[in-house]
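Data block below; observations after.
We did not get these values from a lab; they are worked out from the coordinates using the rules stated. The shown structure was predicted, so the numbers you read here are calculated from the model rather than taken from an experiment. Here the Cβ positions follow ideal geometry from the backbone for every residue, glycine too, while neighbour counts run over all protein chains shown.
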Amino acid sequence: MAEVNDKMEKVISLSKRRGFVFPGSDIYGGLAGTWDFGPLGADLAHNIKELWWKHFVKEREDILPISTSLVVPEAVWRASGHLENFSDPVSICTKCGHTFRTDHLEDKEVCPDCGGKLKSQASFNLMFPIGMGSSPGQGVAYLRGELAQGMFVNFKNVLDTMQPKLPFGLAQIGKAFRNEISPRDFLFRVREFDLMEFEYFIKESDWEKYFEMWKEEMWKWIERVGISKDSVHELEVSDEDRAHYSKRTVDFEFDYPFGRKELYGLAYRTDYDLRMHSEASGVDLSYFDDESNQRFMPHVIEPSFGHGRTVLAVLLSAYREDEMNGEKRVYLAFKPDVAPVRAAIFPLLKNKPELIAKAREIYAELKKEFSNIILDDNGNIGKRYRRQDEIGTPYCITVDFDTLGENPDLLNTVTIRDRDTGEQKRVAISELKEALN
Ligand code: GAP
């Protein structure tokens, strides 16, 4: 146990040291449940979103993109059932005043922080209310707790403008906010996070078929993004643990160092949301099927992916320690598509203008194809390798005197080093793009 928690600490410490993730509002002592991505983390986070978008939207014909407001009026959350049901049980310590999620407590009577007596309170709603407009009573709005409602309230707009045929999905990536009682475990449970999710609209009779299809597709994503498949397990969520809108939910759980917990969710939301919004808004959200000449309410399968949990699972899956050339090293075995830096170009020596000029030339050429290329001439080559290994750069390319023709047979070739094996190959500059792909 000590060893695994050690891994969590090592990943958190590497994340801070190398500019992946910083505590939110750090210089003011941090704000619980918020984390900021530093320069490398922002690139990693962005690459994961871009890959998700490619995987689930751009490479498919049946998913349409959408991007909806973060601020959503109370009426929407009343109809969706979130005002009534989106809450967790809470216990408060009568001595120190700390609050806990009751279902997370091993001993529901005793405060884990001070040993005081715990008292259970009414359930705590996780929605963030915000004051909207300049005069009081202009209407309550909430920061969205999930993206899904944006898809449901725009369903008719999409039908009217795009005339999509079932089955089709609406996908978006964006912020969600939840006033978690006890945020914890780094990026795992936070109060502000990105979600990547889509609602897939189907005929009711097809729900089992598409539920299975999306389960398979989610596994393909897990592999593609670089999450260790051996650490992911499906969990059939029981009736009492399912969200109020779901008739069946399968969670994809990940073996985090702090336990096996939810990574992603796949839910069959039935026609619950469209029905509730039709009733509450008075706007007909049914679909006309011109093949069967029938009008009906579509049903929905929803694959939902927490982005921060993806970043965390990718970091934990990629973290490695080994020994290379008699030296201990730490490296992140990111897949090239998500690595913040795809390749680093090294001029062998810093003070040789001809090496620098050639390295710059290669850098400029590769940067046209892949944006995440860097040039590094700082310190000896061994140190540069270690630095790049630690941030997960799959390839290091070294420009040396042979590149310039000292050995005429090697003119216009470079060495390319593989991060995981440390193996080096000599390749022609003209073949570099292919090698990096
Ligand atoms: N629209 C469905 C929905 O929001 P959910 O299970 O409540 O379902 C979806 O959340 C995903 O969001 C989860 O599978 C998890 O990856 C992520 N998630 C939920 N709460 C989170 C939190 N407090 N911090 C970080 N990620 C969270």
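When only Cα pairs below 8 angstrom with a gap of at least 6 residues are kept, segment 70-183 shows a relative contact order of 29 percent. Each of Lys95, Lys49 was scored by other Cβ atoms within 10 Å of its Cβ. Arranged with the fewest first, they read Lys95, Lys49.
Relative to the longest principal axis of the Cα atoms of the chain, helix 307-318 runs at roughly 40 degrees. What pairs from Lys156/Lys215; Lys203/Lys247; Lys350/Lys433; Lys165/Lys209 go past 19 Å between their alpha carbons? Violating the 19 Å Cα-Cα cut-off are Lys156/Lys215; Lys350/Lys433. Between 0 and 90 degrees, the angle of helix 207-225 with respect to the longest Cα principal axis of the chain falls at about 30 degrees. Only Cα pairs within less than 10 Å get springs; with that Gaussian network setup on the chain, which residue of Cys396, Cys93, Cys114 has the largest fluctuation? In this elastic network of the chain, the residue with the biggest mean-square fluctuation among Cys396, Cys93, Cys114 is Cys114.
When the chain is treated as a Gaussian network with alpha carbon springs shorter than 10 Å, the biggest mean-square fluctuation among Arg275, Arg295, Arg78 belongs to Arg295.
Please list, in order, the residues from segment 83-109 whose amide nitrogen is less than 19 Å from a point placed 7 Å along the Cα→Cβ vector of Glu240. Only 85-91, 101-109 pass the distance filter. Absence of a disulfide-compatible partner, taken as no other cysteine beta carbon within less than 4.7 angstrom, is noted in the chain for Cys396. Kirkwood analysis of the Cα pair distances in segment 237-276 returns a hydrodynamic radius of 11.2 Å.
Taking 22 Å as the straight-line reach from the Cα of Lys119, the lysines in range (excluding those fewer than 8 positions away in the same chain) are Lys95, Lys108. Stokes-Einstein diffusion for segment 341-436, with the hydrodynamic radius set to the Kirkwood value over Cα pairs and evaluated at 37 °C in a medium of 0.692 mPa s, equals 251 µm²/s.
When the pairs Lys10/Lys383; Lys10/Lys229; Lys54/Lys220; Lys175/Lys220 are compared against a 18 Å limit on Cα-Cα distance, Lys10/Lys383; Lys10/Lys229; Lys175/Lys220 fall above it. Stretching Glu9 away from Arg224 to a fully extended chain increases their span by 74.8 nm, per 0.36 nm per residue minus the current alpha-carbon distance. Scattering from the chain was approximated by placing one identical point on each alpha carbon and applying the Debye formula without solvent; log10 I(q)/I(0) at 0.14 1/Å stands at -1.30.
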